[in-house]
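To start, the structure itself, in structure tokens.
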Amino acid sequence: MSVEPSVQAAAPATTTSASAPATLGDYTLLTRLASGGMATVYVGRKSGVAGFERLVAIKCCHPHLRDNDEFSAMFLDEARLAASIRHPNVVGTLDVSDGELLYLVMEYIEGCSLGNLIRHAGRSDLQIPPGVALRVMIDTLQGLHAAHELRDSSGRFLNLVHRDVSPQNILLGLDGVSRITDFGIAFASARSTQTQDGLIKGKFSYIAPEQLTGHNITRRMDIFSAGSVLWEALTGRALFRRKDDAATIHAVVSAPIPTLSSVIPELPSELDVVLQRALDRNPDARYRTAADFADALERLALPGVTTRAVSSFVQSCFGRELAERREVIRSAPDQGINALRESQARPKSAAEANGLPSTNPSGESGSLPELQTSEIRELTPPGDDIEHRRMRGILAAAMLLLVGSALGLLMARSNGNAQAPAPAASAPTPSTATNSAPAPTRTPIETNR
């Protein structure tokens, strides 16, 4: 993975032509892949002399977050860390801009995420072949090991931990190679922005139990997460996900972990042993490194653990949709600059005015053409927006209380009750609202984007 020199960010073009090229620096936007609360990911094209062209993925933060200094620092940290990891199993970061628009440029991976593949297999009543699942995880672990071993230019060990190893952040290419992506909440000793003490980052379904109890951040957290992802890829169901956050956290910390052979008897018992070690709740009992975990999977010598098998399975599941995406990219009108201009000109919501993510459920901004295939369009899907869900629950509870009070008042009047109705119960505040079951720790919780 090579790192190209940073280019000066270009301000949006001033032309008003509907066919004006959608340019960001040296890149032309073609179509949108995904949009979340923090950023939108586009397919872009870089052109050069002698007909040179290269497709890239451009992660552009939403304009209303550009002036948020903390967010900008985190975004640039992600770009700097990811660009430093040079490994074929890590999505390469090629460029970054912190001009008027904040964006980073990554390799464009033609394929799908492991999360897409698991969902497709479940809906189609398929099982991901064990050899495919193992090849994907071996590749992922090799990429993780390269990240864990990262050192700066002076040779100083950076102690990088991904902290968000999940099916959504593992990309499977049509070349059969799997790559880890999204270092947005990675921990590293050299980051300019660090997580506050007591804050938890990551998706609850995949985080290691020690992340919930305030232990030191180590690479063995990623190994536990990788074990959870592999268990899901092999069985088709998430190991720890439950009906709500509190139940999920309880499952991560203390629920019995079923063996693979109890779910899929045809899987070899040796694989049970490997996964049980990766999923040990005692960090010291897990594999010391991601490379050790990968080696243990390689030694199982299961059939079909090849990149060719991965490529063939991805093609069989998503060949038609990927062909549609190629056609969209090939024929996409260059309207991206209009989409960016509209997103900057539209009125801001109250949340956006305060530097918070937009609550627009579609996450859309502007009119950039996009592929309408939900199976594969998410290149870097956002994490669970748990805080927003909680706030919506609080507002819903408040509304129910108000409606109940109004009905009580009407009934009292209709019955001729002369007594003044009791004052309505006050709506719960964000500081007191909890899930129905208490989490096993009072540690404040912050999830990833």
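The values are calculated or read from the model by the stated rules, or taken from the named source; none is laboratory data. The structure presented is a predicted model; accordingly, all values stated were derived computationally and were not measured. Please note: Cβ atoms are built from the backbone with ideal geometry, for glycine as well, and neighbour counts cover all protein chains shown. Protein only, heavy atoms only, side chains kept; ligands, DNA and RNA dropped before computing areas. Shrake-Rupley method; radii C 1.70, N 1.55, O 1.52, S 1.80 Å.
Close Cβ contacts (under 6 Å, 6 or more residues apart or on different chains) running from residues in the stretch 310-327 that are open to solvent by less than 70 Å² (accessible area, probe 1.4 Å) to residues that are charged (D, E, K, R) and in a helix (DSSP H, G or I) comprise V310/R135.
Residues of the stretch 34-49 that are out of contact with any Asp or Glu (no Cβ under 7 Å at 6 or more places or on another chain) and of a type in the set (A, V, I, L, M, F, W, C): M38, A39, V41, V43, V49. For the stretch 69-86, what are the residues that are open to solvent by less than 50 Å² (accessible area, probe 1.4 Å) and of a type outside the set (V, I, T)? Listed by number, the residues that qualify are F71, S72, A73, M74, F75, D77, E78, A79, L81, A82, A83, S84. V132 meets all of the listed conditions (1) modelled with pLDDT under 95; (2) open to solvent by less than 40 Å² (accessible area, probe 1.4 Å) but one, namely (1). Taking the conditions (1) open to solvent by 30 Å² or more (accessible area, probe 1.4 Å); (2) over 24 Å from G236 (Cα atoms) in turn, H148 satisfies each one other than (1). Of the residues making up the stretch 109-126, those that are of a type outside the set (D, E, K, R) and buried (at least 16 other Cβ atoms within 10 Å of the Cβ) are I109, G111, C112, S113, L114, G115, N116, L117, I118, H120, A121. Here the condition is being outside any helix (DSSP H, G or I) and buried (at least 21 other Cβ atoms within 10 Å of the Cβ); of I223, I257, I207, it holds for I207 alone. Restricting the stretch 152-167 to residues that are among the charged types (D, E, K, R) and surrounded by 22 or more Cβ atoms within 10 Å (Cβ to Cβ) leaves a set whose member that is nearest to the chain's Cα centre (by Cα) is D164. For first residues located in the stretch 258-271 and under 16 Å from A238 (Cβ atoms), partners that are hydrophobic (A, V, I, L, M, F, W, C) and lie 6+ apart or on another chain with Cβ distances below 7 Å form the pairs L260/W231; L260/L234; L260/L267; L260/L271; L260/L275; I264/L234. Residue-level check: of (1) more than 30 Å from K46 (Cα to Cα); (2) exposed (fewer than 14 other Cβ atoms within 10 Å of the Cβ); (3) among the aliphatic types (A, V, I, L, M); (4) at pLDDT 50 or above, A278 misses just (2). Looking only at residues in the stretch 168-190 that are in a strand (DSSP E or B) and touching a residue at least 60 places away in the same chain (Cβ under 8 Å), the one that is most open to solvent (accessible area, probe 1.4 Å) is R179. Does D197 satisfy the condition of being open to solvent by 60 Å² or more (accessible area, probe 1.4 Å), among the charged types (D, E, K, R), farther than 21 Å from Q142 by Cβ and at pLDDT below 95? Against the criterion (open to solvent by 60 Å² or more (accessible area, probe 1.4 Å), among the charged types (D, E, K, R), farther than 21 Å from Q142 by Cβ and at pLDDT below 95), D197 qualifies.
From (1) in contact (Cβ under 8 Å) with a residue 40 or more places away in the chain; (2) part of a helix (DSSP H, G or I); (3) among the aliphatic types (A, V, I, L, M); (4) open to solvent by 10 Å² or more (accessible area, probe 1.4 Å), pick out the condition that doesn't hold for A233. With respect to (1) in contact (Cβ under 8 Å) with a residue 40 or more places away in the chain; (2) part of a helix (DSSP H, G or I); (3) among the aliphatic types (A, V, I, L, M); (4) open to solvent by 10 Å² or more (accessible area, probe 1.4 Å), A233 is out only on (4). One residue alone among M38, M74 is over 27 Å from R325 (Cα atoms) and of a type outside the set (D, E), and that residue is M74.
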